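Quick notes on the structure that follows.
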Amino acid sequence: MANISLFILSLLASLLLVLAVPLPNNVELNKRDYWGQGTWFNVGEGACGDWNQNSDSIVAISSDIYGDGGSCNQWVEVTNTQTGASAWGQIRDECPSCDSGSLDMSPGLFQKLGDLSTGVLQIQWNFS
């Protein structure tokens, strides 16, 4: 019985140590708003290594922010600044031609914010 109690106590102490570890520096990046252009592209296998479909809510971020892929699978909220329409997209790709505040989106996500025929939207976005 004492061994079980000691084991549980050790397990809880280890859990508390893990929870006390400081957050990585890039968390500050997640708290800011970005402003730029939103465009759309036909998705496939993204830089994060996953296959996506055009109907998925997929985002490709600039190479500046993509870095080593640490933002893969994070969610961002994107807003069309002209209409106020907002939608959520998941980072699954890199956009080498995008400025740091701009996003390339799957057709499925872009259509939640505007018409594909417009091609480019003025957007604001942030990490969730």
- Can you name the number of the only condition in (1) of a type in the set (Asp, Glu); (2) more than 15 Å from residue 42 (Cα to Cα); (3) surrounded by 14 or more Cβ atoms within 10 Å (Cβ to Cβ) that residue 99 fails? (3)
- Note on the structure: When residue 30 is run through (1) farther than 17 Å from residue 122 by Cα; (2) surrounded by 12 or more Cβ atoms within 10 Å (Cβ to Cβ); (3) at pLDDT 95 or above, the failure sits at (3)
- Qualifying residues in segment 105-122 (those that are among the hydrophobic types (A, V, I, L, M, F, W, C) and touching a helix residue (DSSP H, G or I) at 6+ places or on another chain (Cβ under 7 Å)) - the one surrounded by the fewest Cβ atoms within 10 Å (Cβ to Cβ): 116
- Query: Any residue at all in segment 9-17 that is of a type in the set (A, V, I, L, M, F, W, C), within 14 Å of the chain's Cα centre (by Cα) and modelled with pLDDT under 95?
  - Reply: no
- Query: For segment 115-127, which residues satisfy the criterion of being in contact (Cβ under 8 Å) with a residue 60 or more places away in the chain and in a loop (DSSP other than H, G, I, E, B)?
  - Reply: 119, 120
- Of the candidates 78, 59, the one satisfying the condition of being within 14 Å of residue 35 (Cα to Cα) and in a strand (DSSP E or B) is 78
- Query: If you take the residues of segment 82-110 that are free of Cβ contacts under 8 Å to residues at least 40 places away in the same chain and outside any strand (DSSP E or B), which of them is nearest to residue 67 (Cα to Cα)?
  - Reply: 96
- Single residue of 40, 75, 35, 51 found to be aromatic (Phe, Trp, Tyr) and without any contact (Cβ under 8 Å) to a residue 24 or more places away in the chain: 51
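The values are calculated or read from the model by the stated rules, or taken from the named source; none is laboratory data. These figures come from a predicted structure and were not determined experimentally. Neighbour counts run over all protein chains shown; Cβ positions are idealised from the backbone, glycine included.
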